[in-house]
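To keep things clear, I will list the structure first and then write my remarks on it.
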Amino acid sequence: MKKSVNNISEKIGLPPGSFVTVGVNENLPAKFSLYKIGPASITSEEGTELLSSLPLCSKEETLWIDIQGFSNDKMLHQVFEQLQLPPLLQEDIINTKHRPKIETFAETLLIITKRITPGHRKRLYGEQVVLLLGPNYVLTIQPPVTDSFQGARARILANQTAGFDKGYIFYMLLDNLTDSYFAVLEHLHQRIDKLENLLLNAKEDSAPQAALTSLKHDISVTRRIILPMRKFITDLRFNRAKYFAPELYPNLTDLSDHVEQLTESCDIYHESILLLLQLNSENISIRTNEIMKTLTLISTIFLPLTFISSIYGMNFTYMPELNSTWGYPLCLAFMAAIALVLYLNFRNRKWL
């Protein structure tokens with residue numbers, strides 16, 4: 001089995017459909033979960049090494065194969081070969097830097113999307129999640145550590161999905177992944193409100209530039225992942241008769257409504273971060289103008305004093321006040337009076 005590469009550019013020159021994982025950088029071993037969902041019962045199996053052959057399923061049964069991790073090339077290739085997936089489809093699945101997409105291959109439906117995960121410095125980033133709907137199976141591949149289908153898995157283990165067909169299992173997994181985006185958007189909403197209150201207060205000691213940059217990055221990542229979901233669900237609704245039973249059409253409509261809500265929230269948050277950046281820029285301009293105003297007023301106060309001191313620094317011979325005993329203190333008093341008058345004038349105008 002060939003090694004994985006970090007960048008897609010390293011695959012230049014290889015034939016299409018080459019089984020080379022792209023962007024995989026995982027230290028944890030991959031593991032699998034196997035669920036055989038029948039009309040009356042559900043059986044499950046978990047491990048780190050897949051069986052030599054997948055269990056056979058009748059027309060009334062659905063096999064859900066969930067693989068957590070892209071690091072085990074042997075396991076992935078074994079599953080793909082047993083499911084008889086085309087090489088081009090295999091290549092798309094193991095490319096973890098692939099853009100979100102939806103594809104149909106004969107009787108299979110492929111959705112490649114991302115889950116949103118906090119990473120370095122709590123910034124969000126996307127991890128590839130694959131959902132594949134086949135003739136009598138559902139294949140999901142996700143990164144390790146976090147389970148993208150925890151809610152759906154709990155329902156299956158509680159034997160609450162027995163009797164449902166492959167279309168419902170596929171919908172349930174996609175809906176579970178979609179619901180996880182709401183938690184991310186709620187977190188972004190809280191951060192937006194916090195920054196908005198901070199900027200509206202306009203405290204001089206506040207420095208939200210780093211928080212604004214981080215929030216802008218997270219909103220951009222979220223939009224790039226959620227916005228393609230609208231196309232996915234639209235394609236599912238137009239091709240639903242091929243993959244889903246009529247009883248599931250209302251569920252697809254409800255899923256479409258959820259995705260529309262998510263995309264609208266993304267657009268609103270994108271506009272909000274632009275407004276916050278503009279507000280922050282205006283606050284910086286206001287603070288800069290206040291500083292320049294203060295410096296200008298101080299310079300204005302010292303300008304006549306500098307003029308007077310420059311005159312007496314000329315050292316001309318005929319300057320009678322230089323020989324006066326009270327000349328120096330009178331000059332200082334006169335300069336202090338000028339500075340005081342200017343200061344009081346500025347204070348009355350509320351410039352200081």
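The values are calculated or read from the model by the stated rules, or taken from the named source; none is laboratory data. Because the structure is predicted, anything quoted here is derived from the model rather than measured. Every residue, glycine as well, gets a Cβ built from its backbone with ideal geometry; the counts of neighbours run over all protein chains shown. Only protein heavy atoms, including side chains, enter the accessible area calculation; ligands, DNA and RNA are left aside. Shrake-Rupley method; radii C 1.70, N 1.55, O 1.52, S 1.80 Å.
Of the residues Ala211, Ala245, the single one that is under 15 Å from the mean Cα position of the chain (by Cα) and either without any contact (Cβ under 8 Å) to a residue 60 or more places away in the chain or surrounded by fewer than 16 Cβ atoms within 10 Å (Cβ to Cβ) (or both) is Ala211.
Could you list, in sequence order, the residues of segment 99-118 that are within 17 Å of the chain's Cα centre (by Cα) and open to solvent by 30 Å² or more (accessible area, probe 1.4 Å)? Residues satisfying the conditions are Arg99, Pro118. For segment 174-202, taking the residues that are acidic (Asp, Glu) and under 18 Å from the mean Cα position of the chain (by Cα), the one that is nearest to Gln150 (Cα to Cα) is identified as Asp179.
Criterion applied to Ser58, Ser9, Ser18 was being part of a loop (DSSP other than H, G, I, E, B), out of contact with any strand residue (DSSP E or B) (no Cβ under 8 Å at 6 or more places or on another chain) and at pLDDT below 75, and the one residue passing it is Ser58.
As a summary of the residue check, Phe232 satisfies the conditions (1) open to solvent by less than 20 Å² (accessible area, probe 1.4 Å); (2) in contact with a Pro (Cβ under 8 Å, 6 or more places away or on another chain); (3) under 25 Å from Gly119 (Cα atoms) except for the one numbered (3).
When Leu14 is tested against (1) open to solvent by 20 Å² or more (accessible area, probe 1.4 Å); (2) within 26 Å of Ile169 (Cα to Cα); (3) of a type in the set (A, V, I, L, M, F, W, C), exactly one condition is not met: (2).
Note on segment 317-340: residues that are open to solvent by less than 90 Å² (accessible area, probe 1.4 Å) and at pLDDT 80 or above amount to 9.
Which of the residues spanning segment 145-173 are of a type in the set (Asp, Glu) and either open to solvent by less than 20 Å² (accessible area, probe 1.4 Å) or within 31 Å of the chain's Cα centre (by Cα) (or both)? Listed by number, the list holds a single entry, Asp147. Screening the candidates Gln78, Gln90 for the property of being assigned to a helix (DSSP H, G or I), of a type outside the set (A, V, I, L, M) and open to solvent by 20 Å² or more (accessible area, probe 1.4 Å) yields one hit, Gln78.
Listed by first and then second residue, the pairs linking a residue in segment 327-352 that is more than 13 Å from Ile301 (Cα to Cα) to a residue that is open to solvent by 60 Å² or more (accessible area, probe 1.4 Å) and hydroxyl-bearing (Ser, Thr, Tyr), with Cβ atoms under 8 Å apart and 6 or more places separating them unless they lie on different chains, are Cys331/Tyr312. In this structure, does Met314 turn out to be surrounded by fewer than 12 Cβ atoms within 10 Å (Cβ to Cβ), aliphatic (A, V, I, L, M), without any contact (Cβ under 8 Å) to a residue 12 or more places away in the chain and in a loop (DSSP other than H, G, I, E, B)? The answer is yes for Met314.
Glu186 fulfils the conditions (1) in a strand (DSSP E or B); (2) at pLDDT 90 or above; (3) surrounded by fewer than 16 Cβ atoms within 10 Å (Cβ to Cβ) except for a single criterion, (1).
Consider segment 119-134 and keep the residues that are within 15 Å of Val145 (Cβ to Cβ) and surrounded by fewer than 18 Cβ atoms within 10 Å (Cβ to Cβ). The one that is farthest from the chain's Cα centre (by Cα) is His120. Of the numbered criteria (1) open to solvent by less than 70 Å² (accessible area, probe 1.4 Å); (2) of a type outside the set (Lys, Arg); (3) assigned to a helix (DSSP H, G or I), the one Phe307 fails is (1).
Residue under question is Thr140, and the condition is that it be under 24 Å from the mean Cα position of the chain (by Cα), of a type in the set (Ser, Thr, Tyr) and surrounded by 16 or more Cβ atoms within 10 Å (Cβ to Cβ); does it hold? Spelling it out, Thr140 is indeed under 24 Å from the mean Cα position of the chain (by Cα), of a type in the set (Ser, Thr, Tyr) and surrounded by 16 or more Cβ atoms within 10 Å (Cβ to Cβ).
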